[in-house]
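The values are calculated or read from the model by the stated rules, or taken from the named source; none is laboratory data. The structure displayed is predicted, hence computed values, not measured ones. Heads up, the Cβs are rebuilt from the backbone with ideal geometry, glycines too, and the neighbour counts pull from every protein chain shown.
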Amino acid sequence: MQISATGRNNYRAGFTLLEILVVLVIIGIILSFAVISVDTEPEKLGIEGRRLASLLDLAAEEAVMNSKEYQVKLQPDGYSFRLFAGGQWMESDDELFKARTLPEGFVLDATLEGMKADLKSEGDGPAGEVRGAVIFLLSSGEATPFEIFIRTPTGREAEISNLEQGKIHFSQH
């Protein structure tokens with residue numbers, strides 16, 4: 001044990017408040033880097049896939065219950081819902097069925113009626129006619145047979161389909 005010239009004991013037991021605070025700041029910085037580097041892609045894919053499946057299911061039910069005709073336009077980076085009213089297809093004014101864009105880097109792909117869909121066809125035709133990949137959800141309960149794939153930049157995939165008994169199914173790979 002060391003004793004100073006004043007006769008006091010220089011031996012310290014424990015840590016100073018400053019030392020503890022420095023260690024806590026270092027731990028906080030390390031944890032923030034760990035949280036930032038966590039891969040949230042699977043979670044985003046699940047959210048987007050379940051959202052699209054739920055909206056398709058809701059639109060199909062809405063079509064039957066309220067005698068409405070819906071079409072869903074698929075694009076590589078998103079989708080939009082249209083409603084047949086006044087003899088033409090119009091964007092849905094319902095907030096639930098607003099046009100949606102997928103997160104950065106996510107891509108939509110589809111097979112309609114057993115054939116690969118061309119989602120890159122752009123523009124509308126005469127009288128609001130939509131070109132490209134379109135799914136119809138009719139008031140009779142009929143719907144275009146489809147398989148929709150949402151793919152991430154790292155190759156993960158979610159699938160939404162109505163091929164099995166007409167019910168909409170979601171799976172994530």
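Quick notes
- Lys120 vs. criteria modelled with pLDDT under 90, out of contact with any helix residue (DSSP H, G or I) (no Cβ under 9 Å at 6 or more places or on another chain), not small (Gly, Ala, Ser) and not in a strand (DSSP E or B): yes
- Pro145, sole failed condition from (1) of a type outside the set (Lys, Arg); (2) on the phi < 0 side of the Ramachandran plot; (3) modelled with pLDDT under 90: (3)
- Region 33-81, subset within 25 Å of the chain's Cα centre (by Cα), among the polar types (S, T, N, Q) and over 23 Å from Ala133 (Cα atoms), residue surrounded by the fewest Cβ atoms within 10 Å (Cβ to Cβ): Ser37
- Residues in region 84-92 include at least one that is closer than 16 Å to Leu55 by Cβ, at pLDDT below 90 and part of a loop (DSSP other than H, G, I, E, B).
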